[in-house]
Amino acid sequence: MNEFNILIVGVGGQGVLKLAEMICEVSLLENKNALMSEIHGMAQRGGSVFSEVRIGDVLSPIFEDGEGDLMISLEPSEVLRYIHKLKRNSFILINDSEIIPFTVSLGISSYPKKEEIYKSLKDLTDKLYIINGTKLLEEKSIAYTLNSFMFGVFSYLNPLNFSLDNFYKVLEDNFKGKNLELNKISFEFGREKIKEFKI
Amino acid sequence: MKLKEIISNEIQKRVFLLGNEAFARGFIEGGGKLATTYPGTPSSEIGNVLSKVAKEVGFYFEFSTNEKTAFEVAASSSLSGLRSMTFFKHVGLNVAMDSFITSAYIGTIGGFVIISCDDPNMFSSQNEQDNRILAKFAGLPILEPRNPDEARKMVKYGFLLSEKYGIPVFIRSTTRLSHMRGIVQLEEIERVKRNQYFNKNPNRFVPIPANARVLHKNLVEKIKEIESESEISDFNFIIKNGRSYGIITSGISSNYVIDIVIKYNLPFDIFSIGFSNPIPKDKIKNFLESYENIIVVEELEPVIENEVRVLKEKNNLKTNIFGKDDNIFSTLYEYNPDRVKNYLFKFLGKEKERKIFKIENITPPLRPPVLCPGCPHRATYYAVFKVLRKLKIKDAIFPSDIGCYTLGIGKPFDMADTCYSMGSSIGVACGLSKSTQQKVIAFIGDSTFFHAGIPPLINAFYNKNDFLLFILDNGTTAMTGHQPNPGVGFDGMGEVAPIVKIEDLVKGIGIKFVKVVDPYNLSETMNAIEDALKQEGVKVIIARRECALIRDDRLRKEGVIIKYFINEDKCRNCLICVRQFSCPAIYIENDKVKINEVLCDGCGVCSEVCPFNAIEVIK
Ligand code: SF4
Ligand code: SF4
């Protein structure tokens, strides 16, 4: 069975679902079957959010543990929560900007040291990419386009060899006018910046 | 939401839709003319779509005050000949139950489809009841879609079946189906003009006992007849390779079974069921006869399994049937590929490979869902906390209800002590105020109040109860994605609507203590609470302030961006804003309190909380 499994994770409000949807839409333009699962409702309120994407000839929208080929995490610590879903030596892309939950401030849990997270990830894969999209975008005042930035990063790594045209088509389908312009800027920025950030 | 694609006329077009969007498309393709709902995860997106396209496509849609009303509006519209649909989350059916059961007797004229979105694993619910049991209890045909495209098809088929037999048709979705996306292939939109006229037929539509006895008999006969439809339905199919064992599975679980059997080349033939009540008895009987051992794989209750066991007994078959009773499959939670794989491997006595990727010793921080930055409910909870502390009341009880504010259960507030169902906060407050001497402060949202809060509030007044009720009026149904309700001034068609004023309604009951406060104004809110707690009887405080997400939208449109920061010169690190108020935008870094500018919503309540006036607006 040919299948490629992707996990997009982050914190409620970061745009996890939109990013997952855009990746699926590129696959469809490539004439590949895509499935996606989402989380709505209570979990969305600032909690941990994830979406599974499957590309290939499969029926289930969710995949087995240990079968993920690529993870995009919009927040550093969220990688840890879903690491069991990945294969060894899979792609891991991290947006290097923490969102500290209130449980940490209240002292009922602690936020791990980022260096330690990254160090242990390096032992598990050599396809680790870490980039602070939030910060880079803030400098341009377009932090809210983080998902297009990561979409750009994904298009650069392009593990399934999709055509770049199709990425642009999907951006055009999803955004209009001024917003499209800004998201394109963000997308290209992601493609360009990722070259410097492989660990 | 891809509205253009959902209403597109391009036949054969392949679009990527959410299960719930596909239900909406099915309604449109099937020529649906009236749809109703009360929003609830995981069903909400069906209504969100229908509400936005109703005018353009040309049908009527409403957000009803509760599921029972929604059900009655759709059922009666079917009696007038229109294709109608109602849908809600699983527990919504409990609310609609009274009319639901009888509507099976009364039946339909225009096609009538009911979609129940169950929530195995309780991603967003208080229980994981399997509503197939309730549909069977009512005596209705059940369809269980496996993917979005089938969701679309089954609504259309449901209309036809409903019209042919004059019976409501029940579609059972689950969270995983409602919230998965897949490819949907569009078909033509039906544009037949139907007769819209209510032809009186009291012998059928008024089930007084003499009529009901006839109607029940008719219902039993109808469902018997429908067996032949299930027998020939393409929604029930067999994947046969001459393997040693058989699996019978249904709905979303079919996907896990088929994927796993193919991927690991397991020795099972598969009977996948989409039309599950009545089950295709002959087909199943034949299937049973072909194998010594059969496993039944279905999420939650053994609905199909029990029928299969009965079939086996009746036909004196030798086949061994495995399922829930043998503890092979659990009745708990959602299934997934891992669970199905583990169960099947265990059944075959196969070792499963472990290749799980793990990081020892580093764990992510707890990140439970929380009230948004700027959420007015947080301010209300904080005000209650402050007043109780001032009055030295330590053992107050907080009956809560269904909505974002149920998150008051978490730290630091701990202000949700009970929650049964929509509207239960008030009934529970009645009970607790009679059965204890403790102060009772109940919380209910505006939408939930309209849904099921009014009868218990009348009960409280009539039976001379003593408690304080907060109606948290944020002008929307927030948790499910901001649908309107009777208090907000527009309706499901997107039109201007009359506003039901909660304070007038409460005063109309006869309740004397009714105050409206703005929770962003802490001192005003605290004064109202203090006044209320000094009085006997039922007191109502309406905490009115728009949901922070709606306020965001409004301010963004107005071009106003307000953000707060901690003035380090004034901050004395008392940590009150962190420990007692806990807005998610406030955090500690290197022992200093900070505000995350991206998350801050500019509500300014923290600046009232801070005793040293150290929280200020960024200029
Ligand atoms: S959606 Fe609105 S009501 Fe719900 S937690 Fe956020 S601000 Fe509060
Ligand atoms: S103003 Fe204060 S309480 Fe309001 S969102 Fe910002 S940090 Fe939170």
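A few remarks follow.
- Lysine pairs in segment B:475-570 whose alpha-carbon atoms fall under 19 angstrom of each other, counting only those eight or more residues apart or on distinct chains, come to 9.
- The protein assembly as shown: C-alpha gyration tensor shape, a/c 1.5 cut-off, then a/b vs b/c: oblate
- Each label was represented as a point 7 Å from its Cα along the Cα-to-Cβ direction; for B:I562 and B:E536 these points are 4.2 nm apart.
- Segment B:301-405: mean projected area of Cα convex hull, nm²: 14.0 nm²
- The protein assembly as shown - share of DSSP beta bridges that are antiparallel (%, nearest 5): 35 percent
- For chain B, the longest principal axis of the alpha carbon atoms and the long axis of helix B:376-390 meet at an angle near 50°.
- Net charge dipole size for segment B:562-619 [Lys, Arg +1 and Asp, Glu -1 on Cβ; Debye, nearest 20]: 60 debye
- Low-density loop positions, GluC sites (Glu not before Pro), segment A:98-199 - DSSP coil, at most 16 other Cβ in 10 Å: A:E139
- Carbon + sulfur, % of accessible area of segment B:136-230 - ligands and nucleic acids excluded, 1.4 Å: 55 percent
- Residues A:E38, B:E351, sorted by accessible area with the largest first, give B:E351, A:E38 [1.4 Å probe; ligands and nucleic acids excluded].
- Shape category assigned to chain A from the gyration tensor of Cα positions, a/c cut at 1.5: rounded
- Candidates per trypsin sites (Lys or Arg not before Pro) in segment A:31-139, loop by DSSP, up to 13 other Cβ within 10 Å: A:K113
- Simple point charges give the picture: +1 on the Cβ of Lys and Arg, -1 on the Cβ of Asp and Glu, and for segment A:1-130 a dipole about the Cα centre of about 280 debye.
- Extension reserve of the B:E301-B:K4 stretch, reckoned as 0.36 nm per residue once the Cα distance is removed: 103.1 nm
- Lysine-lysine proximity count for segment B:1-148, Cα under 29 Å, sequence distance 8 or more or distinct chains: 25
- Karplus (6.51, -1.76, 1.60) ³J(HN,Hα), θ = phi - 60°, over segment B:165-174, in Hz, Gly and Pro reported as x: 10, x, 9, x, 10, 9, 10, 9, 9, 9
- Taking every lysine pair in segment B:340-421 that is 8 or more places apart or spans two chains, those with Cα atoms closer than 28 Å amount to 12.
- Relative contact order (percent, whole number), chain B, Cα cutoff 8 Å, 6+ residue spacing: 11 percent
- What the phi angles of segment B:39-50 give under the Karplus curve with 6.51, -1.76 and 1.60, with θ = phi - 60°, is a coupling list of x, x, 5, x, 9, 4, 5, 4, x, 4, 5, 4 Hz, glycine and proline written as x.
- Largest accessible area first, the listed residues A:D57, B:D446 line up as A:D57, B:D446 when surface is computed with a 1.4 Å probe on the assembled protein chains.
- Residue-averaged beta-carbon neighbours from other chains (10 angstrom radius) around B:14-24: 2
The values are calculated or read from the model by the stated rules, or taken from the named source; none is laboratory data. Just so we're clear, the structure is a prediction, and the values are computed from it rather than from any experiment. Ideal geometry is used to build each Cβ from the backbone, glycine not excepted, and the neighbour counts take in all protein chains shown. Remember, those area values only see protein heavy atoms, side chains included, never the ligands or the DNA or RNA. Shrake-Rupley method; radii C 1.70, N 1.55, O 1.52, S 1.80 Å.
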